[in-house]
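Q: Take this structure first; my questions come after.
Read the figures in this text as sums done on the coordinates, not as results from a lab. Remember, it's a predicted structure, so these values are computed and weren't measured experimentally. Note that each Cβ is placed from the backbone with ideal geometry, even for glycine, and that neighbours are counted across all protein chains shown.
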Amino acid sequence: GDSVTQMEGPVTLSEEAFLTINCTYTATGYPSLFWYVQYPGEGLQLLLKATKADDKGSNKGFEATYRKETTSFHLEKGSVQVSDSAVYFCALSGAIISNFGNEKLTFGTGTRLTIIP
Amino acid sequence: SQTIHQWPATLVQPVGSPLSLECTVEGTSNPNLYWYRQAAGRGLQLLFYSIGIGQISSEVPQNLSASRPQDRQFILSSKKLLLSDSGFYLCAWTPRGTGNTIYFGEGSWLTVV
């Protein structure tokens, strides 16, 4: 079945450091890929998405490129801020046709990011 | 615009008591609906999803059940809670089709004591 593997945390960086959170996936077909973020005390919200190979999703200075050849969707940011401290989830939208349709989403386990001033 | 609400936001329940978490979506029709759980120190685990009234798919065997009595209503239940049921429960929805953004509710913190 579909699966998402993401970099284990926690990750601690200094402000203005470069961030990479690795994410790789296994899926049949051509899934869409997502990064969700969960700020302290809040629910999840979409950070960015890419729906086909070589697409780049971007938002709030974060970027991720859909790499089909390496089945990866790594999250990057050039200069992190304290306000970026959160848990980040990589996810994919399954492309497998099942008895219940093909819209099921699979999440990675999440990576906790802490930025220190 | 579409909105999703779930309640209650926080609850503390004794072991062996029943549970009912409710979730409703407004501003859309025929959504796909999901219940996820986020246990302490762990990632998101899909518990149930539904593509229509009365159509529920369970992802993991557990002490919980889900029902969809109306198109935009999704209920998570248990007859007898276990300590291991403690966690953060998230209801979510997506439009029909592939590659759609999933929208989450505010979440419900359940502590079983």
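Q: Output yes when any residue across the range B:45-62 is closer than 17 Å to A:Gly43 by Cβ, out of contact with any His (no Cβ under 6 Å at 6 or more places or on another chain) and outside any strand (DSSP E or B), and no when none is.
A: Looking only at the range B:45-62, we keep the residues that are closer than 17 Å to A:Gly43 by Cβ, and these are B:45-47.
Imposing the further condition that a residue be out of contact with any His (no Cβ under 6 Å at 6 or more places or on another chain) reduces the set to B:45-47.
From what is left, the residues that are outside any strand (DSSP E or B) are none.
No: zero hits.
Q: In the list B:Phe74, B:Phe88, B:Phe104, B:Phe48, which residue meets the criterion of being aromatic (Phe, Trp, Tyr) and surrounded by fewer than 21 Cβ atoms within 10 Å (Cβ to Cβ)? Break it down into steps so the answer makes sense when it comes.
A: Values: B:Phe74 fails: surrounded by fewer than 21 Cβ atoms within 10 Å (Cβ to Cβ); B:Phe104 fails: surrounded by fewer than 21 Cβ atoms within 10 Å (Cβ to Cβ); B:Phe48 fails: surrounded by fewer than 21 Cβ atoms within 10 Å (Cβ to Cβ).
So the residue among B:Phe74, B:Phe88, B:Phe104, B:Phe48 that is aromatic (Phe, Trp, Tyr) and surrounded by fewer than 21 Cβ atoms within 10 Å (Cβ to Cβ) is B:Phe88.
Q: Also, quick follow-up: Answer yes if at least one residue in the range A:68-84 is surrounded by 14 or more Cβ atoms within 10 Å (Cβ to Cβ), within 11 Å of chain B (Cβ to nearest Cβ) and either at negative phi or part of a loop (DSSP other than H, G, I, E, B) (or both), and no otherwise.
A: no
Q: What tally of residues in the range A:19-48 results from selecting those that are farther than 13 Å from A:Thr114 by Cα and part of a loop (DSSP other than H, G, I, E, B)?
A: Selection size over the range A:19-48: 9.
Q: For the range A:9-47, enumerate the residues that are more than 10 Å from chain B (Cβ to nearest Cβ) and free of Cβ contacts under 8 Å to residues at least 60 places away in the same chain. Steps first, answer last, please.
A: Residues of the range A:9-47 more than 10 Å from chain B (Cβ to nearest Cβ): A:9-28, A:35, A:37, A:39-40, A:47.
Matches in the range A:9-47: A:Thr20, A:Asn22, A:Thr24, A:Thr26, A:Trp35, A:Val37, A:Tyr39, A:Pro40, A:Leu47.
Q: Can I ask one more? Scan B:Glu59, B:Glu22 and give me the residue that is among the charged types (D, E, K, R), touching a residue at least 12 places away in the same chain (Cβ under 8 Å), within 14 Å of chain A (Cβ to nearest Cβ) and surrounded by 13 or more Cβ atoms within 10 Å (Cβ to Cβ).
A: Details: B:Glu22 fails: within 14 Å of chain A (Cβ to nearest Cβ).
Of the residues listed, the single one that is among the charged types (D, E, K, R), touching a residue at least 12 places away in the same chain (Cβ under 8 Å), within 14 Å of chain A (Cβ to nearest Cβ) and surrounded by 13 or more Cβ atoms within 10 Å (Cβ to Cβ) is B:Glu59.
Yes/no matrix, rows are residues, columns are (1) farther than 29 Å from B:Ser57 by Cα; (2) within 14 Å of the chain's Cα centre (by Cα); (3) not basic (Lys, Arg):
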| residue | (1), (2), (3) |
| --- | --- |
| A:Thr12 | yes, no, yes |
| A:Glu15 | yes, no, yes |
| A:Cys23 | no, yes, yes |
| A:Leu46 | no, yes, yes |
| A:Asp54 | yes, no, yes |
| A:Ala64 | yes, yes, yes |
| A:Ser72 | no, yes, yes |
| A:Ser79 | yes, no, yes |
| A:Phe89 | no, yes, yes |
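Q: Look through the range A:28-42, keep the residues that are surrounded by fewer than 21 Cβ atoms within 10 Å (Cβ to Cβ) and of a type in the set (Ser, Thr, Tyr), and return whichever of them is nearest to B:Thr101 (Cα to Cα). I'd like the intermediate steps shown before the answer.
A: Going residue by residue through the range A:28-42, those that are surrounded by fewer than 21 Cβ atoms within 10 Å (Cβ to Cβ) are A:28-30, A:39-42.
From what's left, of a type in the set (Ser, Thr, Tyr): A:28, A:30, A:39.
Values: A:Thr28: 19, A:Tyr30: 16, A:Tyr39: 18 Å.
Of everything passing the filter in the range A:28-42, A:Tyr30 is nearest to B:Thr101 (Cα to Cα).
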